[in-house]
Amino acid sequence: MAATNSPTAMQSDSSKIAPSAPALREVSPGILEYNGVRLDKKNHRISFPAAVNQRVGLIEYLLVGEKGKVHESLLATKVLPHDIHVALLLIGLKETANPSDRVPPSAIDSSYLHSAPKLKGTPVQLSVAWTQDGKRQEVPAEEWIFNLQTNHVMTPGSWTYNGSLVEDGVFLADQEFSLVAVITDPTALVNNPREGYDNDEIWQVQEKAVPPLDTPVEVSITLAETNTTKP
């Protein structure tokens, strides 16, 4: 099965994903909300609610939709992938070309991972916030993931916003509900660029750092200013 469009087809096919007049409302000075996603245009940052979905064991995703691969994801959210993508466009996401348009199998396996190319895209920072003992806590998302190969938490740094794929007019992130992948998944909006992205047996939840199951959290995606355009 071959994809008819690359991840950057999102820009040319935006009419299939985004309404012509997004329903934006101001929730506080300088902060807008669009379909459950909060937009901070000044700081090139969006935020949305999620919850702790898994606290132990191997994972392939940091975040999926509630109808997605929840059996292998640390977090889950009700927010739809296309709403996250549109929100990022609204704060100035500058989409970049990705040479890979290969649609992965529905069940990503080692054979696919070992042959799949490393995805390219826009560097973004991911963070997770929650309330503990009445106080807001916030950490880089990497601190909640452990690498069994290095015996350390995931190295800090940016993630790759590759923007999913469009096939036969369907935005595949909405079909798969894949948002942030730890192993290579071009249907997800965001992918892990670190060594080990091609290995589905080395990433697990950093249990001691993650709050209890079902704890509400806020996931934030921040663009580097050099990777934005004025909307």
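The values are calculated or read from the model by the stated rules, or taken from the named source; none is laboratory data. A quick note: this is a predicted structure, and the numbers were derived from the prediction, not measured. Glycine also receives a Cβ, built like all others from the backbone with ideal geometry; neighbour counts cover every protein chain displayed. Each accessible area value is taken on the protein alone, full model and side chains, heavy atoms only, with ligands, DNA and RNA left out. Shrake-Rupley method; radii C 1.70, N 1.55, O 1.52, S 1.80 Å.
Data for the structure
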read-out	value
Complete set of residues in the range 167-183 that are more than 20 Å from residue 110 (Cα to Cα), more than 11 Å from the chain's Cα centre (by Cα) and outside any helix (DSSP H, G or I)	167, 168, 169, 170, 171
Selection status of residue 186, crowded, with 18+ Cβ neighbours inside 10 Å and in a loop (DSSP other than H, G, I, E, B)	yes
Residues located in the range 27-46, provided they are basic (Lys, Arg) and in contact with a helix residue (DSSP H, G or I) (Cβ under 9 Å, 6 or more places away or on another chain)	38, 41
Residue list for the range 102-116, restricted to those being closer than 22 Å to residue 74 by Cα, outside any helix (DSSP H, G or I) and of a type outside the set (Val, Ile, Thr)	104, 105, 106, 107, 109
Scan of the range 117-132 for residues that are surrounded by 13 or more Cβ atoms within 10 Å (Cβ to Cβ), in a loop (DSSP other than H, G, I, E, B) and out of contact with any Phe, Trp or Tyr (no Cβ under 9 Å at 6 or more places or on another chain), ordered by number	120
Residue tally, condition open to solvent by 20 Å² or more (accessible area, probe 1.4 Å), out of contact with any Lys or Arg (no Cβ under 7 Å at 6 or more places or on another chain) and within 18 Å of residue 220 (Cα to Cα), over the range 133-177	10
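The rows are residues; the columns are (1) aliphatic (A, V, I, L, M); (2) modelled with pLDDT under 95.
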position: 41; (1), (2): no, yes
position: 44; (1), (2): no, no
position: 53; (1), (2): no, no
position: 65; (1), (2): no, no
position: 97; (1), (2): yes, yes
